[in-house]
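Notes to accompany the following structure.
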Amino acid sequence: MPTNNNQDNLYVDNLLRHLATQHPIFWSRKDLSLMGIPDILPTVPIPPTDISGLSFTEEAELRSLVVAIADWFGECRGMTIMTNSLHPLLKLGELRYRLKPVCLISCVNIPCIVYLDAPLREYYRGTYRGRIIQDFLKLSALGQSDDTLEPFDFGMLIALAQEQKFFEVQPDVDGSYTTRILYPDSALQKFIIVTAKVMVETLEALENNDEVVRKVKISRYTVPLGDTCKEKDSALLKIMATILDDGIRAGATAPIYPEDEDDEEDEDER
């Protein structure tokens, strides 16, 4: 039997079996620690992509900026990159939860990265009922620790991996799916990018309600907002280009089915 306190173990007790009756917004950081997620996330850099010759001139507030970058890159690559408010489906045993992000970016119709922020989390907790975007941005630091993983975000990373598995995306060579979320730091000076490596066997254990699961590897990377109009010097544009290129490659491995097929996964959704 694995001990969840040992960070060297590859497997941990499946605490989500007991948390499944709660929406992930109400899980605690202690719960994540017991699942093997470090209290302070390790920093792992994301290799920047050369974007020489590409021109980005959009200026927008943070939520719109992410959409603008995705649209810009899709046009540059001549690929389908969609931004919408679709809700990834988290499956824990027989229970289902639709997790609502600010924005979901899909490459070749496959979920790639989700944009979140602290006001959204607080809104779903019921502690903030503001509706105006400016209020969201002013209150961006609500309840957020920039160095740790939010429980809702952990659920979102798992749900994104489950979506990739459902769409039959080919896993990485190590048998994992790579998923990412993006949100501004508390000072609104940087974007925090959290990357998860979720093993196929982890997804199967969660869906089967097994007692033990393979750990999810989590890392983070921060990138300054900077001046996106100076393309060659914009670290944000280069990192986003890398992430979207990765999404395009992953999406290209999924088979294409007729669009009118029904998705039975929505049954018993909570």
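Of all residues in region 225-247, exactly one satisfies the criterion of being touching a Lys or Arg at 6+ places or on another chain (Cβ under 7 Å) and either at pLDDT 90 or above or on the phi > 0 side of the Ramachandran plot (or both), namely ILE243. Any residue that is of a type in the set (Val, Ile, Thr) and assigned to a helix (DSSP H, G or I) - is there at least one of those in region 177-189? Within region 177-189, none of the residues are of a type in the set (Val, Ile, Thr) and assigned to a helix (DSSP H, G or I). Quick one: how many residues across region 157-170 are of a type in the set (S, T, N, Q) and surrounded by fewer than 19 Cβ atoms within 10 Å (Cβ to Cβ)? Looking only at that region, the number is 1.
Restricting the first member to region 88-117 and to residues that are among the polar types (S, T, N, Q), and the second to residues that are not in a loop (DSSP other than H, G, I, E, B), the beta-carbon pairs closer than 6 Å and six or more apart or on different chains are SER106/MET82; SER106/CYS112. Can you tell me which residue within region 9-36, out of those that are part of a loop (DSSP other than H, G, I, E, B) and under 15 Å from VAL212 (Cα atoms), is modelled with the lowest pLDDT? This residue is ASN9. For region 171-204, the candidate set comprises residues that are among the aliphatic types (A, V, I, L, M) and more than 13 Å from the chain's Cα centre (by Cα); within that set, the residue that is surrounded by the most Cβ atoms within 10 Å (Cβ to Cβ) is LEU203.
Residues that are acidic (Asp, Glu) and surrounded by fewer than 17 Cβ atoms within 10 Å (Cβ to Cβ): does region 22-36 have at least one? No; the residues of region 22-36 include none that is acidic (Asp, Glu) and surrounded by fewer than 17 Cβ atoms within 10 Å (Cβ to Cβ).
Within region 181-219, the set of residues being of a type in the set (Ser, Thr, Tyr) and more than 23 Å from LYS91 (Cβ to Cβ) comprises TYR183, SER186, SER219. For PRO258, are the conditions met, namely being at pLDDT below 90 and more than 22 Å from ALA68 (Cα to Cα)? Here the answer is yes, as PRO258 does meet what is asked. When only residues in region 47-63 that are surrounded by fewer than 18 Cβ atoms within 10 Å (Cβ to Cβ) and aliphatic (A, V, I, L, M) count, which is farthest from TYR115 (Cα to Cα)? Filtering region 47-63 for residues that are surrounded by fewer than 18 Cβ atoms within 10 Å (Cβ to Cβ) and aliphatic (A, V, I, L, M), the one farthest from TYR115 (Cα to Cα) comes out as LEU54.
What about VAL44, is it among the aliphatic types (A, V, I, L, M), in contact with a strand residue (DSSP E or B) (Cβ under 8 Å, 6 or more places away or on another chain) and surrounded by fewer than 17 Cβ atoms within 10 Å (Cβ to Cβ)? Judged against the criteria, VAL44 is a match. The set of residues in region 139-194 that are free of Cβ contacts under 8 Å to residues at least 60 places away in the same chain and of a type in the set (A, V, I, L, M, F, W, C) comprises LEU139, ALA141, LEU142, ALA161, VAL173, ALA187, PHE191, ILE192. Could you tell me how many of the residues in region 64-92 are surrounded by fewer than 18 Cβ atoms within 10 Å (Cβ to Cβ), of a type outside the set (S, T, N, Q), farther than 23 Å from LEU225 by Cβ and more than 17 Å from the chain's Cα centre (by Cα)? So the answer is 2.
Checking each residue in region 181-218 for being of a type outside the set (A, V, I, L, M, F, W, C) and more than 24 Å from ASP13 (Cα to Cα) picks out TYR183, PRO184, ASP185, SER186, GLN189, LYS190. Among the residues of region 240-258, those identified as buried (at least 21 other Cβ atoms within 10 Å of the Cβ) and either among the aromatic types (Phe, Trp, Tyr) or in contact with a strand residue (DSSP E or B) (Cβ under 7 Å, 6 or more places away or on another chain) (or both) are ILE243, LEU244, GLY247, ALA250, GLY251.
The values are calculated or read from the model by the stated rules, or taken from the named source; none is laboratory data. Only a predicted model underlies this, so the values are computations on that prediction, with no experimental measurement involved. So basically every Cβ, Gly included, is an ideal-geometry build from the backbone, and we count neighbours across all protein chains shown.
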